[in-house]
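Visitor: Take this structure first; my questions come after.
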Amino acid sequence: MSSSTGVLLMAYGSPDSADQTAEYFTHIRGGKTPSADAIARVQARYTAVGGRTPLLAISRDVARRLEAILGADATGRPYRVYLGMKHWHPFIADTVRTMAADGVERAIAIALAPHYSRISIGGYRTAVESAIATLPVPFPVRMVERWHAQPEFVEMMARLVVAGLERFPADARDGVTVVFTAHSLPERIREWDDPYERELEASGRAVAERLGIGHWQIAWQSAGHTGEPWIGPDILQCLSTLHTAGVRNVLQVPIGFVAEHLEVLWDIDIEARAHAELLGLRFARTDLPNARPALVEALAAVVRAEEMAATAA
């Protein structure tokens, strides 16, 4: 390559089959083996959604499309886009070694998670820094910590919400409550003044104001079973509260996620939907960005902005 700029695209990871749940779950817990009951619970969920999720295939598609767009950049600077997973194959460490072997001299790292938390994005940073430290000749990496305010991201989410509202009868759309959700985290993040909750609130507000939506709120999903309090309200509790308040139409917008995986396919499409049906709510969720051109364009804009910042530094 005449240039050696690499883009490290990162995602959470997902097992290739339900029988790999124990190994996957153990990695998430830092090598601590989960209880048999916990493994069985997660394995049952993977089985219910077909044994695996499309996360890896979607992430690979995003990486391929992103490289194609960046390769046509007006700067003439070629990029190579690589994919690394935090908790499954291809692991971030393995991908970083591949990048070094390919002659990458500098890189931009972006997680497919738009909002920052020390737990979530901080975990990606740790994985990258640990991998770089093992290289005979480390290369510098600029870590993108957040991109939820990228205009292309906000516009994409607004369009997905519009499409989601169209799933309701025309005469009911003005009465739809839009609930933006993201993965819950332990309440202890508040002790660090972690910006995660504020950033999710800002995302929901930006989309709601863009569309003139009056009835919206933030809720949380996919809380872990760790014995400590997690941020709420949980989406199931939120649906019950809305029902009690007289709401009958709810659109869930998983704005903290960009691709279909277990937290969407099980936690929303099966668990939340079943709870909504039990309450008698008309319920829908927006499509995920997945590998849509709009998401790829948003990521390309992030890369370009980061390159400009690096040049100016």
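Visitor: Identify, by number, the condition in (1) closer than 24 Å to Glu307 by Cβ; (2) in contact with a Phe, Trp or Tyr (Cβ under 6 Å, 6 or more places away or on another chain) that Val144 doesn't meet.
Guide: (2)
Visitor: Within the group Ala38, Ala57, Ala131, Ala101, which residue is within 29 Å of Asp194 (Cα to Cα), among the aliphatic types (A, V, I, L, M) and either in contact with a His (Cβ under 9 Å, 6 or more places away or on another chain) or free of Cβ contacts under 8 Å to residues at least 24 places away in the same chain (or both)?
Guide: None of the others qualify; the one that does is Ala38.
Visitor: Condition check: under 21 Å from the mean Cα position of the chain (by Cα), at pLDDT 95 or above, over 23 Å from Pro15 (Cα atoms) and not in a strand (DSSP E or B). Does Ala298 satisfy that?
Guide: Considered against the rule, which asks whether it is under 21 Å from the mean Cα position of the chain (by Cα), at pLDDT 95 or above, over 23 Å from Pro15 (Cα atoms) and not in a strand (DSSP E or B), Ala298 comes out as yes.
Visitor: In the range 181-200, what count of residues is obtained for those that are surrounded by 14 or more Cβ atoms within 10 Å (Cβ to Cβ), part of a helix (DSSP H, G or I) and charged (D, E, K, R)?
Guide: Of the residues in the range 181-200, 2 are surrounded by 14 or more Cβ atoms within 10 Å (Cβ to Cβ), part of a helix (DSSP H, G or I) and charged (D, E, K, R).
Visitor: What's the total number of residues in the range 143-190 that are touching a helix residue (DSSP H, G or I) at 6+ places or on another chain (Cβ under 7 Å), in contact (Cβ under 8 Å) with a residue 60 or more places away in the chain and among the aliphatic types (A, V, I, L, M)?
Guide: Residues meeting the conditions: 11.
Visitor: In the list Arg41, Arg80, Arg52, Arg118, which residue meets the criterion of being surrounded by 14 or more Cβ atoms within 10 Å (Cβ to Cβ), charged (D, E, K, R) and part of a strand (DSSP E or B)?
Guide: Unique residue meeting the criteria: Arg80.
Visitor: In the range 64-82, which residues are at pLDDT 95 or above and more than 11 Å from Gly6 (Cβ to Cβ)?
Guide: Listed by number, the residues that qualify are Arg64, Arg65, Leu66.
Visitor: For the range 274-295, enumerate the residues that are without any contact (Cβ under 8 Å) to a residue 12 or more places away in the chain and either open to solvent by 60 Å² or more (accessible area, probe 1.4 Å) or among the aromatic types (Phe, Trp, Tyr) (or both).
Guide: Those that are without any contact (Cβ under 8 Å) to a residue 12 or more places away in the chain and either open to solvent by 60 Å² or more (accessible area, probe 1.4 Å) or among the aromatic types (Phe, Trp, Tyr) (or both): Glu277, Leu278.
Visitor: Further, regarding this structure: So which of Ser14, Ser35 is surrounded by fewer than 17 Cβ atoms within 10 Å (Cβ to Cβ), of a type in the set (Ser, Thr, Tyr) and under 23 Å from Asp267 (Cα atoms)?
Guide: Within the list Ser14, Ser35, the selection yields Ser35.
Visitor: Of all residues in the range 217-268, how many are crowded, with 18+ Cβ neighbours inside 10 Å, acidic (Asp, Glu) and within 21 Å of Ala38 (Cβ to Cβ)?
Guide: The qualifying residues number 3.
Visitor: Given (1) within 17 Å of the chain's Cα centre (by Cα); (2) on the phi < 0 side of the Ramachandran plot, identify the lone condition not met by Asn290.
Guide: (2)
Visitor: A follow-up question, please. Return the total of residues in the range 121-149 being over 21 Å from the mean Cα position of the chain (by Cα) and open to solvent by 60 Å² or more (accessible area, probe 1.4 Å).
Guide: Here the count works out to 7.
Visitor: Is it the case that Ala298 is small (Gly, Ala, Ser) and open to solvent by 10 Å² or more (accessible area, probe 1.4 Å)?
Guide: no
Visitor: Follow-up. Can you name the residue in the range 242-256 that is β-branched (Val, Ile, Thr) and closer than 18 Å to Glu201 by Cβ and is also nearest to the chain's Cα centre (by Cα) among such residues?
Guide: Step by step, filter the range 242-256, then rank; the result is Ile255.
The values are calculated or read from the model by the stated rules, or taken from the named source; none is laboratory data. Not measured: the values here are computed from a predicted model. When we count neighbours, we look across all protein chains shown, and the Cβ atoms used for this are built from the backbone with ideal geometry, even at glycine. Side chains included, ligands, DNA and RNA excluded: accessible areas come from the protein's heavy atoms. Shrake-Rupley method; radii C 1.70, N 1.55, O 1.52, S 1.80 Å.
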